[in-house]
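The values are calculated or read from the model by the stated rules, or taken from the named source; none is laboratory data. Quick caveat, the model's predicted, so the values are computed rather than measured. With ideal geometry, Cβ positions are generated from the backbone for all residues, glycine too; neighbour counts draw on all protein chains shown.
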Amino acid sequence: MIIQPHIQGCVARNCHPLGCRAAVHEQIERVRATGTFAGPKRVLVIGASSGFGLASRIALTFGSGADTIGISLERGPSEKGLGSAGWYNNIWFREAAEEEGRVALNLIGDAFSDSMRQQSIMAIRERLGQVDLVVYSLASALRILPDGTQVRSVLKSTGSPFSGLGYDLEHDALIPQSLDPASEQEIRDTVSVMGGEDWQIWMQALAEAGCLAHGAQTVAYSYIGPESTYPLYRDGTIGYAKEHLHASAEAINLQLAGMGGHAWVAVCKALVTKASAFIPVLPVYLAVLMQVMKERGTHEGCIEQMMRLFGDKMYGGRGVLADGHRLIRMDDWELDPHTQAAVAALWARVTPENFRTLGDFTGLRRDFLALNGFGLAGVDYQAPLEPSSLLALHP
Ligand code: NAD
Ligand code: NA
């Protein structure tokens, strides 16, 4: 079969398995070109199959020689289709890491569940002994609580509605989008799914099971953004969840104090991922930001952000470079005042007619397609792919 990209709204409905391999290898090559750092050797990555979690795993394995266990919720090939990009990312990452002699175990299932925590604890004992770092990088719309209750996160504003131009990836057009104000229950539910409660449960379980090495650290990922995006992010439901995540870092830090451990939040820059493409209006800001940061030479992708996080700000030999609130500011270049002034000026001029000439929508589309294995150099997209060869691949 020949696979063409199928985008619906802002969701990719398929992926190209061999393109996913090229994308994973591209990230590995960028790490190799950057050089090594003296980082952790045994790492658990929760949310390891795409976006920041995958980039973390690649940076740590190929930059610091880390053995890793990665948890993700992904779909393999079935009657319904070839499976998700993250499914293949796991496979290609493991193959490349094992070629280097590294442990790279993939656990597929619900990271919010106690059974996944137990499975991970057993795997850590068996394969790594203990871990020196836990990366928490989940992005999810659903959390199933231990009692079976399903809680859903929503992307809404709070207080008053917010509207603006959004980007329709399917039709390459700008369209009006709006965020309705969330109810109190919706805010609480989003905090339950995307806040820090589950992160804290993980760290408690790992500590009690003796899986954390002395001095172990943990980091979760957050976003704050410039004031111009506050109505749709920081002051929206997701912003409340991130606020909770930040507070959880303080609580987890205290929890780890007895064993010399620390908890941090890395506040990352806005980037195209499966999760961020889904946030109303934000992709227009993203395209304008990409335009400006590329012009200024400060643009970074997921892998560059994670190399700078681990290689410089966490394990660069100067201790962890965080502010007084346990936040590691990886959004420093995004929030640079000159950058933001240029972004604001451009963003104000964007219309459904001129957007392609003002923002880097071409780059945004290219990055989005690449997340799903499309448009990568060196891949023969005309060569038919034999679905049965994919069934033989295992995470
Ligand atoms: P992503 O969608 O690329 O990755 C999410 C990961 O979580 C995947 O590996 C997926 O398999 C896993 N996952 C989801 N639900 C799961 C479940 N129930 N059980 C196990 N695994 C599950 O998203 P991302 O953009 O890399 O987001 C990761 C974190 O980074 C989020 O906290 C996000 O808010 C944060 N962040 C993102 C941006 C951005 O611009 N993309 C910026 C700053 C911070
Ligand atoms: Na991730």
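Looking at the stretch 78-86, can you tell me whether even one residue there is touching a residue at least 24 places away in the same chain (Cβ under 8 Å), assigned to a helix (DSSP H, G or I) and crowded, with 24+ Cβ neighbours inside 10 Å? Yes, the stretch 78-86 contains at least one residue that is touching a residue at least 24 places away in the same chain (Cβ under 8 Å), assigned to a helix (DSSP H, G or I) and crowded, with 24+ Cβ neighbours inside 10 Å.
A search for C-beta distances below 7 Å between a residue of the stretch 283-294 that is closer than 17 Å to residue 172 by Cβ and part of a helix (DSSP H, G or I) and any residue that is β-branched (Val, Ile, Thr) and within 10 Å of ligand 1 (Cβ to nearest atom), counting only pairs 6+ apart in sequence or on different chains, returns 286/272.
The C-beta contact set for the stretch 24-41 (first residue closer than 13 Å to residue 315 by Cβ, second residue surrounded by fewer than 18 Cβ atoms within 10 Å (Cβ to Cβ), distance under 7 angstrom, 6+ apart or interchain) comprises 37/316; 41/65.
Within the stretch 222-233, residues that are within 15 Å of residue 245 (Cβ to Cβ) have Cβ atoms under 7 Å from residues that are buried (at least 20 other Cβ atoms within 10 Å of the Cβ) and among the acidic types (Asp, Glu) in these pairs: 224/331, counting only partners at least 6 apart in sequence or on another chain.
Residue 55: touching a Cys at 6+ places or on another chain (Cβ under 8 Å) and either among the basic types (Lys, Arg) or within 16 Å of ligand 2 (Cβ to nearest atom) (or both), yes or no? Yes: the conditions hold for residue 55. In the stretch 117-126, the residue that is farthest from ligand 1 (Cβ to nearest atom) out of those that are touching a residue at least 12 places away in the same chain (Cβ under 8 Å) and either closer than 23 Å to residue 95 by Cβ or more than 22 Å from the chain's Cα centre (by Cα) (or both) is 125.
When residue 339 is tested against (1) in contact with a Lys or Arg (Cβ under 7 Å, 6 or more places away or on another chain); (2) outside any helix (DSSP H, G or I), only condition (2) is not met. Pairs linking a residue in the stretch 368-383 that is at pLDDT 95 or above to a residue that is of a type in the set (Ser, Thr, Tyr), with Cβ atoms under 8 Å and 6 or more positions apart or on different chains, are 371/50; 371/273; 373/88; 374/381. Residues in the stretch 275-297 that are within 16 Å of ligand 2 (Cβ to nearest atom) and either hydroxyl-bearing (Ser, Thr, Tyr) or over 16 Å from the mean Cα position of the chain (by Cα) (or both): 276 only.
Taking residue 27, is it within 30 Å of residue 166 (Cβ to Cβ) and assigned to a helix (DSSP H, G or I)? Yes: the conditions hold for residue 27. Can you find even one residue in the stretch 232-253 that is at pLDDT below 95 and either more than 13 Å from ligand 1 (Cβ to nearest atom) or in contact with a Pro (Cβ under 9 Å, 6 or more places away or on another chain) (or both)? Checked against the condition, which is being at pLDDT below 95 and either more than 13 Å from ligand 1 (Cβ to nearest atom) or in contact with a Pro (Cβ under 9 Å, 6 or more places away or on another chain) (or both), the stretch 232-253 yields at least one hit. For the stretch 342-358, enumerate the residues that are of a type in the set (A, V, I, L, M), surrounded by 11 or more Cβ atoms within 10 Å (Cβ to Cβ) and assigned to a helix (DSSP H, G or I). Within the stretch 342-358, 342, 343, 344, 345, 346, 358 meet the criteria.
Exactly one residue out of 393, 385, 376 is under 23 Å from residue 54 (Cβ atoms), in a loop (DSSP other than H, G, I, E, B) and more than 28 Å from the chain's Cα centre (by Cα): that is 385. Within the stretch 257-280, the set of residues being touching a strand residue (DSSP E or B) at 6+ places or on another chain (Cβ under 6 Å) and either at pLDDT 95 or above or aromatic (Phe, Trp, Tyr) (or both) comprises 259, 260, 261, 262, 263, 264, 265, 266, 267, 268. Where strands (runs of 3 or more DSSP E) fall wholly inside the stretch 127-243, the ranges with 3 or more residues that are within 16 Å of ligand 2 (Cβ to nearest atom) and either more than 23 Å from the chain's Cα centre (by Cα) or under 26 Å from residue 117 (Cα atoms) (or both) are 131-136, 212-222.
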